[in-house]
1. Looking only at the stretch 165-182, count every residue that is assigned to a strand (DSSP E or B) and closer than 19 Å to Ile111 by Cβ and tell me the total.
2. Do we find that Ser168 is surrounded by fewer than 19 Cβ atoms within 10 Å (Cβ to Cβ) and not assigned by TED's automatic domain parsing to the domain that holds Arg305 in this structure?
3. Select from the stretch 265-275 the residues that are surrounded by fewer than 24 Cβ atoms within 10 Å (Cβ to Cβ) and either at pLDDT 95 or above or closer than 18 Å to Arg191 by Cβ (or both) and list them in ascending order.
4. Among the residues in the stretch 146-164, are any within 11 Å of the ligand (Cβ to nearest atom), more than 25 Å from Ile275 (Cα to Cα), touching a helix residue (DSSP H, G or I) at 6+ places or on another chain (Cβ under 8 Å) and assigned by TED's automatic domain parsing to the domain that holds Ile134?
5. Evaluate the following for Leu16: is it hydrophobic (A, V, I, L, M, F, W, C), free of Cβ contacts under 8 Å to residues at least 40 places away in the same chain, in contact with a strand residue (DSSP E or B) (Cβ under 7 Å, 6 or more places away or on another chain) and open to solvent by 20 Å² or more (accessible area, probe 1.4 Å)?
6. Which ones in the stretch 348-357 are in a loop (DSSP other than H, G, I, E, B) and out of contact with any strand residue (DSSP E or B) (no Cβ under 9 Å at 6 or more places or on another chain)?
7. Taking Glu279 as the residue in question, decide whether it is at negative phi, in contact with a Lys or Arg (Cβ under 9 Å, 6 or more places away or on another chain), part of a helix (DSSP H, G or I) and within 16 Å of the ligand (Cβ to nearest atom).
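The values are calculated or read from the model by the stated rules, or taken from the named source; none is laboratory data. It should be emphasised that the depicted structure is a prediction, and the values quoted were computed from it without experimental measurement. Because the Cβ atoms are built from the backbone with ideal geometry, glycine has one as well, and the counts that use them run over all protein chains shown. Accessible surface areas use protein heavy atoms only, side chains included; no ligands, DNA or RNA. Shrake-Rupley method; radii C 1.70, N 1.55, O 1.52, S 1.80 Å.
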Amino acid sequence: MKIETINVSLKKDLELFSYPIFVGNNLLTRADNLLNKYIKNKKIIIIHDCFFSSKPVLDETFKEFVKSIKEITISVNLIAISGGDQTKNMIELTNIIEKTLSYEIDRECLIIAFGGGVIGDIAGFAASILLRGIKFINVPTTLLSQVDSSVGGKTGVNSKLGKNLIGSFHQPVAVIADINILKSLPDREFRAGFAEVIKYGLIKDKSFFNWLELEFENIFKYDDLKLQKVITKCCQIKADIIQEDEKEYGNRALLNLGHTFAHAIESFGNYDGKIIHGEAVAIGICMAFKFSSKYSFCSRSDTERVINIFKKSKLPTSLKDIPDLSITTLTMVEKFKYDKKTRNNKLTFILNHQIGEAFIKHDVNVNELIEFINEEI
Ligand SMILES: NC(=O)c1ccc[n+]([C@@H]2O[C@H](COP(=O)([O-])OP(=O)(O)OC[C@H]3O[C@@H](n4cnc5c(N)ncnc54)[C@H](O)[C@@H]3O)[C@@H](O)[C@H]2O)c1
């Protein structure tokens, strides 16, 4: 399989900064070739998911990756942490930072995040504040992180008050998405990642959504070429959006479709695995569409098509699908106040005019929202 490369180009301090996202198969065992330019003769700290050591296939790939980069670097130190949103907090961040400092790093050192979105978010955040910022490379190992979280430079951890409330913008210098590593993903995690894939079609690309409706079964069978197309397409859409609006002053917020609902839902689950990010996003997107059609922004038939693809992908589509969460309308609306799009107590949601055309709706009417959530619960 040919390697696909997407370049993300951004303006930094009046200069152009650009980084590649490599998408292909078996890239990790030859990572020294792809990463030579960034890691040669450097001290490297790899922050990785500790889960890998318990899975022989993953452990093998990870060891080969470490071996390949050891050949061209000064030193490689490993820090193992658990995946899952329970890890994405300030205590774990402090541990990572203290451990990294103990390796006598300097500003030429580089961090490699090797794991899913949780590892990428927390390791990227650590890189952004260590010595006031050192470089980092993302090696995403879940579908969700390959299509979404590894790209765009949002890094951070959760607060007790809400999801991703503490963080920074810190772009990676390179991203390697190796399709082969997805083969060990549990079915539930793969499907959760697919929720973010669907999101890209819904935001901006109707023909991609149409294609997903036709091909989702082959994608779930790990058809390599189709998966490469999925990852490349999502990363290209994300790159196009963030190139225009890196710090989310405008259209980058579209990438948040379903996420205001999703982040609230996740926090009700206390990040204990009852509901995982992609599942919450699936419910959140269905809610955004239902809200859009209830208030005549979009047609009921589009909403039904959206709910249908999530159902066929065996993802939850309604709060009623997760009965253990004990959500009330008022506690949910309360959570929206912590959404990063909220300004002066005015709520902003991403809604849709149709499939492939999301828009930013400022100052959403709270009474309409309450009426809507009452029907959903
Ligand atoms: N920064 C961003 O722009 C952005 C965008 C979307 C989501 N996110 C964040 O990403 C996180 C979700 O990412 P995620 O779903 O990758 O979570 P994750 O990192 O917790 O990984 C999910 C699970 O899969 C396991 N795992 C990882 N790679 C594996 C592999 N190859 N084989 C088998 N198991 C593997 C992990 O141990 C974990 O249990 C959330 O915290 C979310 O907020 C961030």
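1. Of the residues in that region, 9 qualify.
2. Considered against the rule, which asks whether it is surrounded by fewer than 19 Cβ atoms within 10 Å (Cβ to Cβ) and not assigned by TED's automatic domain parsing to the domain that holds Arg305, Ser168 comes out as yes.
3. Gly269, Gly273, Lys274
4. No, because not a single residue in the stretch 146-164 is within 11 Å of the ligand (Cβ to nearest atom), more than 25 Å from Ile275 (Cα to Cα), touching a helix residue (DSSP H, G or I) at 6+ places or on another chain (Cβ under 8 Å) and assigned by TED's automatic domain parsing to the domain that holds Ile134.
5. Yes.
6. Hits for the stretch 348-357 are Ile355, Gly356.
7. yes
Condition check ((1) more than 15 Å from the ligand (Cβ to nearest atom); (2) within 15 Å of Arg132 (Cα to Cα); (3) open to solvent by 70 Å² or more (accessible area, probe 1.4 Å); (4) acidic (Asp, Glu)) across all residues:
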| position | (1), (2), (3), (4) |
| --- | --- |
| Lys70 | yes, no, yes, no |
| Thr73 | yes, no, no, no |
| Gly83 | no, no, no, no |
| Gln86 | no, no, yes, no |
| Met90 | no, no, yes, no |
| Glu98 | yes, yes, yes, yes |
| Ser102 | yes, no, yes, no |
| Arg107 | yes, yes, yes, no |
